[in-house]
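S.K.: Have a look at this one.
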Amino acid sequence: MAGIVIIGAGQAGASVAAKARVLGFSGQVTIIGDEPVAPYQRPPLSKGYLIGETNFERLLLRSPSFWSENGIDLKLGAPASAIDRFAKTVRCCDETVRYDQLVLATGSSPRRLPAQVGGQLGGVYTFRTVADANAMTAEFSPGRKLLIVGGGYIGLEAAALGAKLGLDVTLIEMAPRILQRVAAPATSDFFRALHAEHGVTILENIGLGRLIGEGRVSRALLSDGTELEVDFVIVGIGIAPRTQLASEAGLVIDNGVATDAFGRTSDPSIWAAGECASFRHGGSRIRLESVGHAIDHGELVARNIAGAAVRYKAQPWFWSDQYNAKLQIAGLNVGHDRFVVREGEGPSQSVWYYRGPQLLALDAMNDSRSYMVGKRIIETGQTILPEFVSDTSKDVKSLLSLATTITETFAA
Amino acid sequence: MIKITYVEHNGREHTVGVPQGGTLMEGARDNGIPGIEADCGGACSCATCHAYIDSAWIEKLPAKQPMEADMLDFAYEPDATRSRLTCQVRVTEALNGLVLHMPERQA
């Protein structure tokens, strides 16, 4: 019996393997990972890890002995190079690994700046792996000039680390506002103000012309013609699912490796889990970039390999830490047509997203209570009238008893 | 190493050594003890590392920060005095011998 082979040693791949064992799968389980280290948490890399607040051992998802104790074979530092669907094998370095069931948990790679605009220069970094973080640690010394390209969460977290260590940080965002792709103006405003307070210069509506330097970056030409001196650059302009192996093997690719509700790809013996996989959600085919999804989707695939035939119901949640502020997000705001803001005490607020009467998602800034309440309402398929949400004379917990299903809302 | 006893909801006990400065959550994770999920990895962001501290030890723990208290309020069957998020409790010499109990499930 050739067992389960998982390509990708991130959160999703680790979840598949661990869950398979919990479910009593006794065949062989192999994880193939291209990084030379055991599965670890990525989110802390752009939070405490980079500035030495935590060490790598504490980021490991499991103790080093967990894998061997559970009979899970880790092939690390070993990129898979090809899948042969007819022989049911994976090519990995000089080895051919047989599978009965194959799981693609290949994750994503950060988009890089093209070489024509200086993307190949020294001192230009993307942020994805512990190796990426280690490579830029030495750059983070006080007074140095850091340019961040892209005002998404990864860029903002990197800006917060830079500011915390006394760097001179400038962040540019091509869109009219930071977080434009993922959040309402109220959330952008909150983070813009937070970063301004910590001395970060945020330039919106400004793109990168190109990076200039001899071997190593030393200046940046911006789209408005200004030129900045820079010591190093972090590029946070999004990620792309790693679909090459799947595509070369002839699997259907559609905004990621296309999977059905069970996590199966277009080949019945091949599954995909986590960030690399796309699935149907509310009428479109989406991917989710989050730890919660990687865990849930990975576990779903393990259950379905065992024959459970359960359909995936995404319950997305996310978080970001910047300075002392915590952002918690529940749900997906894609397709919202309005939002309401609930003001908190002190520097806290929550932004609730609706499509018609249905609550889709919320962003909670320093407001865990609103987050937990909103998350519960969303996950139980209920909604809450926006006028209740914005009414701060109501305790947030009381919103739980005011939540209704959509039919009840219309009947009322 | 600080001795900590984790009691699963089914009553099974695990007594393990947890390094000082680590958290109660990390002790469970690193020893493969079921019942604490810790999806967010210890960022006080998910409330899936909830446990009940044995009453005899409650007083020895540092107080909850407001964020932990807020998250706990929405955990599965929280107890006003005994519930903690284990990712927020650092292990110190004073906690040597501590006993904690897992909830029936996480939120």
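The values are calculated or read from the model by the stated rules, or taken from the named source; none is laboratory data. The structure displayed is predicted, hence computed values, not measured ones. Using ideal geometry, Cβ is built from the backbone for each residue, glycine included, and neighbour counts are taken over all protein chains shown. Ligands, DNA and RNA are stripped out before the accessible areas are found, and what is left, the full protein with its side chains, is counted by its heavy atoms. Shrake-Rupley method; radii C 1.70, N 1.55, O 1.52, S 1.80 Å.
S.K.: Starting from the Cα gyration tensor of the protein assembly as shown, take the square roots of the eigenvalues, sort them a ≥ b ≥ c, and report rounded, prolate or oblate (rounded when a/c is under 1.5, otherwise prolate if a/b is larger than b/c, else oblate).
M.R.: The shape class here is rounded.
S.K.: Starting from the 7 Å offset along Cα-to-Cβ, what nm value, one decimal, do you get for the label separation of A:Asp267 and A:Glu53?
M.R.: 4.3 nm
S.K.: Would you grab the residues whose amide H sits under 5 Å from the one on A:Cys93? Only those 5+ places off in sequence or on another chain, please, with H modelled 1.01 Å from N.
M.R.: A:Ser81
S.K.: Roughly how many nanometres apart are two label points built 7 Å out from the Cα toward the Cβ at B:His9 and A:Lys397?
M.R.: In this crude label model, B:His9 to A:Lys397 measures out at 2.2 nm.
S.K.: Out of residues 5 or more away from A:Gly33 or on other chains, whose amide H comes under 5 Å of its own, with H placed 1.01 Å from N in the peptide plane?
M.R.: A:Gly8, A:Lys75, A:Leu76, A:Gly77, A:Ala78
S.K.: Across the residues of A:190-202, average count of Cβ atoms on other protein chains within 10 Å?
M.R.: Numbers: counts 0, 0, 0, 0, 0, 0, 0, 0, 0, 0, 0, 0, 0.
Taking all residues of A:190-202 together, the mean is 0.
S.K.: Using a Cα-Cα cut-off of under 19 Å, which lysines could be cross-linked to A:Lys19, ignoring same-chain neighbours fewer than 8 residues away?
M.R.: A:Lys75, A:Lys313
S.K.: Now for a separate question. Pop the C-beta distance of A:Gln244 and A:Arg311 into the FRET formula with R0 = 35 Å and round what comes out to the nearest 0.05.
M.R.: Details: r = 28 Å, r/R0 = 0.80.
Calculated value: 0.80.
S.K.: For A:Glu69 and A:Ala115, what is the calculated FRET efficiency with R₀ set at 41 Å and r taken between the beta-carbons, to the nearest 0.05? Write out the running numbers ahead of the final one.
M.R.: Details: r = 46 Å, r/R0 = 1.12.
After rounding, the FRET efficiency stands at 0.35.
S.K.: Using helices alone, I'd like the mean residue ellipticity at 222 nm for the protein assembly as shown: each DSSP H run of four-plus residues gives -39500 (n - 2.57), total over residue count, nearest 500.
M.R.: Working: 14 runs with 114 residues, N = 519.
Result for the protein assembly as shown, helices only: -6000 deg cm²/dmol.
S.K.: Hey, another quick one. Tell me: how much accessible area in total is hidden between B and A, 1.4 Å probe, Å², nearest 100?
M.R.: Rounded to the nearest hundred, the buried surface is 1800 Å².
S.K.: Next up: What FRET efficiency comes out for B:Val16 versus A:Thr137 if R0 is 45 angstrom and r is the Cβ-Cβ distance? Round to the nearest 0.05. Display every interim value, and only then the final one.
M.R.: Working: r = 32 Å, r/R0 = 0.71.
Here the calculated transfer efficiency is 0.90.
S.K.: Roughly how many Å² is the accessible area per residue of region B:2-101, as a whole number, for a 1.4 Å probe?
M.R.: 42 Å²
S.K.: Roughly how many percent of the accessible protein surface of region B:16-107 is carbon and sulfur, given a 1.4 Å probe and a whole-percent answer? Before the final figure, lay out the partial values.
M.R.: Values: 1830 of 3760 Å².
In region B:16-107, the share of accessible area belonging to carbon and sulfur is 49 percent.
S.K.: Filter the cross-link list A:Lys394/B:Lys64; A:Lys47/A:Lys394; A:Lys145/A:Lys326; A:Lys47/A:Lys145 down to pairs whose alpha-carbon distance in this structure exceeds 31 Å.
M.R.: On the way: A:Lys394/B:Lys64 25 Å; A:Lys47/A:Lys394 34 Å; A:Lys145/A:Lys326 26 Å; A:Lys47/A:Lys145 19 Å.
Long pairs (Cα-Cα over 31 Å): A:Lys47/A:Lys394.
S.K.: If a/c stays under 1.5 just call it rounded; otherwise compare a/b with b/c (prolate if a/b is bigger, oblate if not). Do that for region A:31-154, with a ≥ b ≥ c from the square roots of the Cα gyration tensor eigenvalues.
M.R.: oblate
S.K.: While we're on this one: Mind putting a number on the dipole of chain B about its Cα centre? Charges go on the C-beta only, +1 for Lys and Arg and -1 for Asp and Glu, and I need it in Debye to the nearest 20.
M.R.: 240 debye
S.K.: Show me, for region A:292-300, the HN-Hα J-couplings you get by feeding each phi into the Karplus relation (A = 6.51, B = -1.76, C = 1.60, θ = phi - 60°), rounded to Hz, glycine and proline as x.
M.R.: x, 5, 4, 5, 5, 5, x, 5, 4
S.K.: Remind me, relative contact order of chain B in percent, using alpha carbon pairs under 8 angstrom and six or more residues apart?
M.R.: 41 percent
S.K.: Taking the Cβ of B:His14 as the center, what net charge do the other residues with Cβ under 13 Å away carry, scoring Lys and Arg +1 and Asp and Glu -1?
M.R.: That works out to 0.
S.K.: Accessible area drop of at least 40 Å² (1.4 Å probe, protein heavy atoms): which residues of region A:61-81 qualify, relative to the chain alone?
M.R.: Output list: A:Ser63.
S.K.: A further question on this structure: Across region A:130-138, in residue order, what do the Karplus-derived ³J(HN,Hα) couplings come to in whole Hz, using 6.51 cos²θ - 1.76 cosθ + 1.60 with θ = phi - 60° and x for Gly and Pro?
M.R.: 5, 5, 4, 5, 4, 5, 9, 3, 5
S.K.: Hey, what's region A:19-121 come to in accessible area per residue, 1.4 Å probe, Å²?
M.R.: It amounts to 48 Å² per residue over region A:19-121.
S.K.: Looking only at other chains, what is the average number of their beta-carbon atoms within 10 angstrom of each beta-carbon in A:324-331? Can you show the working numbers first?
M.R.: Details: counts 0, 0, 4, 1, 7, 1, 0, 0.
Mean number of neighbouring Cβ atoms from other chains: 2.
S.K.: Quick one: which bits of region B:16-61 get at least 50 Å² less accessible when the partner protein chains are in, versus the chain alone, with a 1.4 Å probe?
M.R.: With the partner chains in place, region B:16-61 has these residues losing at least 50 Å²: B:Arg29, B:Asp39, B:Ser45.
S.K.: Still on this structure: Give the ranking of A:Val310, A:Val130 by solvent-accessible surface, highest area first, calculated with a 1.4 Å probe.
M.R.: Output order, biggest surface exposure first: A:Val310, A:Val130.
S.K.: Also, quick follow-up: For the protein assembly as shown, with only Lys/Arg (+1) and Asp/Glu (-1) charged at the beta-carbon, what is the dipole magnitude about the Cα centre, in debye rounded to 20?
M.R.: The calculated dipole for the protein assembly as shown is roughly 760 debye.
S.K.: With θ set to phi - 60°, apply the Karplus curve 6.51 cos²θ - 1.76 cosθ + 1.60 along region A:273-288 and write out the HN-Hα couplings as whole Hz, x wherever there is a Gly or Pro.
M.R.: My calculation for region A:273-288 gives 9, x, 4, 7, 9, 10, 8, 6, 8, x, x, 10, 9, 10, 10, 10 Hz in order.
S.K.: Treating the beta-carbon of each Lys and Arg as +1 and of each Asp and Glu as -1, no other charges, what is the dipole magnitude of region A:39-82 about its Cα centre, to the nearest 20 debye?
M.R.: Charge dipole of region A:39-82: 140 debye, to the nearest 20.
S.K.: Right, next: Would you mind checking which residues have amide H under 5 Å from A:Gly107's amide H? H placed 1.01 Å from N; only 5 or more apart, or other chain.
M.R.: Those lying under 5 Å, H to H, from A:Gly107 are A:Arg242, A:Glu275, A:Cys276.
S.K.: Given the peptides A:103-109, B:20-26, arrange them by the average over their residues of other C-beta atoms within 10 Å, most packed first.
M.R.: Per-residue mean Cβ counts within 10 Å order the peptides as A:103-109, B:20-26.
S.K.: Could you give the nm distance between label points at A:Ile212 and B:Asn96, where each point is 7 Å from its Cα heading toward the beta carbon?
M.R.: My value for the distance between the label points is 6.4 nm.
S.K.: Here's a follow-up. With point charges of +1 on the Cβ of Lys and Arg and -1 on the Cβ of Asp and Glu, referenced to the Cα centre of region A:324-405, which listed residue (A:Thr392, A:Gln358, A:Ile378) lies farthest in the positive direction of the dipole?
M.R.: Positive-end residue among those listed: A:Ile378.
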